[in-house]
Amino acid sequence: SFQNEINEVPFFDIQLPYELALKIFQYLGKTELGRCAQVSRTWKVLAEDEVLWYRLCQQEGYLLDTSISDRSCWKLALKDCRARERTLKTNWKNRIGAVSQLPYELGKILCDVHSCDGVVIAGYTSGAVRLWDTRTWDYTAPILEAMHGPGDAGPQPHVSFVRINSSLAVAAYEDGTVSVWSLMFGREPIHRYQHNQRIQALALGSEGATVATASGFEVKVESPNDRGFWQTTETFEIQKLVNFLNLVPAVTGSPVTVAAAEDIVYLLKAEDPGKILHSVYGQPVTCLDVSAHEAAFGVKTFGWLLNEPNQILLYNLETSQCLKKMGNSIGDFTCVNLQNSPPNMVVTGNKDRRVRVFDLRKSESLCSLYAHQLGVSAVQMDDWKIVSGGEEGLVCVWDQRMGTKLWEMHARHPVRHLWFNSHSLITANIPDEKTPRGASITDDDPAVHCKHRGIIYAYEFSVDQLAVESVLPICRSSYDEVTGYNYNIGLAVPYDNI
């Protein structure tokens, strides 16, 4: 081939060896390589060398788990990846994709929902815990069996909390029981333990196998030992009731837990059991999130100090120093997302109905979006968009740089969980009222009307969906055609003719 004949590459008025010329070219971007390819036949071969385009592909974050021999043309591969990403972005912005509602547990009310990489776990008032894998669009949800003894013939206790990561699912029940399942093996729990009182908070490590629960004045940390047998690795006694509990991700050695109990934030480590990260008397913590090195939480002040309104505090977990105090709002901060935000960013929701994005290197907010009719209850962002959920049941998708709302969806109950990645979005509207009036006394009453039950939606914006499925519930009619189709407006009776 032509390339094998090139040993010397003409570089202006000198001849360079091919390898050396390639070294120079690897500092160029796509546009410059394109221009260089037009200089001469030799430069074209050089500018289209697979090594250069493979590196560009990796730098832009595409096809990271491939090697250079996997593709014959990396220039084309990069072009395809960029086109897919553009289409995905357009689909997100215009709400083109497929949406489906994960089915109800009949006559039961949703208690808690959590998800990890498109796998959703839900707990119900019947005590049932169900899983769905939305990545395969296979909605035959297995029900995880609770390991109850032979004497437990009566109604099962309600589920209080559920959590899931890539390998485990965990549920805490109203009676203080905690069940842990492995996603690899069957539906029977691999571990079960008990608290004496109601569980106030449950945390599961984002990776690995560590579960933390708070009940009464006790925080328990459970994980398997070297031989795979589960045991209580730590028990911490603290002075107040825990409201929020998080396990610090990516910790080597014994697990580290951050617990917010009323107005104290504890950093619970095996070697330093009662360490207090933050405490101001009479200023309760209203939300908490933890990344590998930092903790961010909202603090409520009681208004007699007018110069100290409600704030988000950022602490370094290694040094236990307060790095930043952000925001000054009259409303309480109700949710904060640090772990899933881009580097140096944090996104928060507030009772004053605003979503705020903070740059951790500055103190004032980058943008403040007037989002919801009641408080904001869940929020997540990436490098260009923000998704927020409110107490009134709205899910809003925003273009972060423009500060504009792209679209919204409404369901009856508060949005208690939302999660998205590049191509899918999962939202859960969970009722506050678990025993609605009008439902009969028996617990398994199929007459609990669907409006009381809560709802989980899975959206898929990926380009692989069929065009027919790709109109999400919004009116897109041009009114030109004589007959229309119902465009999923959500009418009780879809219309045939316009």
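The values are calculated or read from the model by the stated rules, or taken from the named source; none is laboratory data. Values in this document were obtained by computation on a predicted structure and should not be read as measured data. Methodologically, a virtual Cβ is constructed for each residue, glycine included, from the backbone with ideal geometry; neighbour enumeration extends over all protein chains shown. Quick note on the areas: whole protein, heavy atoms, side chains included, nothing else; ligands and nucleic acids left out. Shrake-Rupley method; radii C 1.70, N 1.55, O 1.52, S 1.80 Å.
Quick rundown of the values:
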read-out: Accessible solvent surface per residue of segment 110-262, calculated while the other protein chains remain in place, 1.4 angstrom probe, Å²; value: 42
read-out: Violating pairs (Cα-Cα greater than 24 angstrom) within the set 23/75; 93/324; 351/385; 89/405; 240/362; value: 93/324; 240/362
read-out: Radius 13 Å from Cβ of residue 144, net charge of other residues (Lys, Arg +1; Asp, Glu -1); value: +1
read-out: Added length on full extension, which subtracts the Cα-Cα distance from 0.36 nm per residue, residue 404 to residue 319; value: 26.8 nm
read-out: Estimated FRET transfer efficiency (residue 330, residue 44; beta-carbon r; R0 56 Å; 0.05); value: 0.35
read-out: Net lengthening on full extension, residue 412/residue 67 (0.36 nm per residue, minus Cα-Cα); value: 119.4 nm
read-out: Rounded to the nearest 10 Å², the accessible area of residue 416 at probe 1.4 Å; value: 90
read-out: Label-point separation, residue 292 to residue 89 (7 Å along Cα→Cβ), nm; value: 2.7
read-out: Whole-Hz ³J(HN,Hα) from phi, Karplus 6.51 cos²θ - 1.76 cosθ + 1.60, for segment 251-258, glycine and proline x; value: 9, 8, x, 6, x, 10, 10, 10
read-out: Alpha carbon Rg of segment 188-249, scaled by the compact-globule rule 2.2 N^0.38 Å; value: 1.11
read-out: Residue 185 paired with residue 364, simple spin-label distance in nm, labels 7 Å along Cα-to-beta-carbon; value: 5.7
read-out: Gain upon complete extension [residue 167, residue 302; 0.36 nm per residue less C-alpha separation]; value: 44.4 nm
read-out: Heavy-atom surface of segment 296-418, accessible at 1.4 Å and reported per residue (Å²); value: 43
read-out: Percent accessible area from carbon and sulfur atoms, segment 281-364, protein chains only, probe 1.4 Å; value: 50
read-out: Whether segment 8-117 is rounded, prolate or oblate, judged on the alpha carbon gyration tensor where a/c under 1.5 counts as rounded; value: prolate
read-out: Calculated from backbone phi, Karplus (6.51, -1.76, 1.60) coupling profile of segment 178-191 in Hz, x at Gly/Pro; value: 10, 10, 10, 10, 8, 6, 8, 10, x, 9, 7, x, 8, 7
read-out: Paramagnetic label zone (point 7 Å from Cα along Cα-to-C-beta, residue 237; backbone N under 11 Å) in segment 254-279; value: none
read-out: Sites residue 133 and residue 254, calculated FRET efficiency, Cβ-Cβ separation with R0 35 Å, nearest 0.05; value: 0.60
read-out: FRET efficiency, 1/(1 + (r/R0)^6) with R0 22 Å, evaluated for residue 382 and residue 22 via beta carbons; value: 0.05
read-out: Per-selection Kirkwood Rh - segment 323-418 (Cα, Å, 1 d.p.); value: 13.0
read-out: Sorted peptide list for 406-412, 379-385, 361-367, criterion being average Cβ within 10 angstrom, highest first; value: 379-385, 406-412, 361-367
read-out: Residue 190 long-range amide H proximity, modeled H, under 5 Å; value: 180, 181, 182
read-out: Assigned charges on the beta-carbon of Lys, Arg, Asp, Glu; segment 1-118 dipole about Cα centre (debye); value: 640
read-out: Inter-probe distance in nm under a simple model that places probes 7 Å from Cα toward Cβ, at residue 193 and residue 229; value: 1.4
read-out: Surface share of carbon and sulfur [accessible, 1.4 angstrom probe, percent] for segment 8-133; value: 54
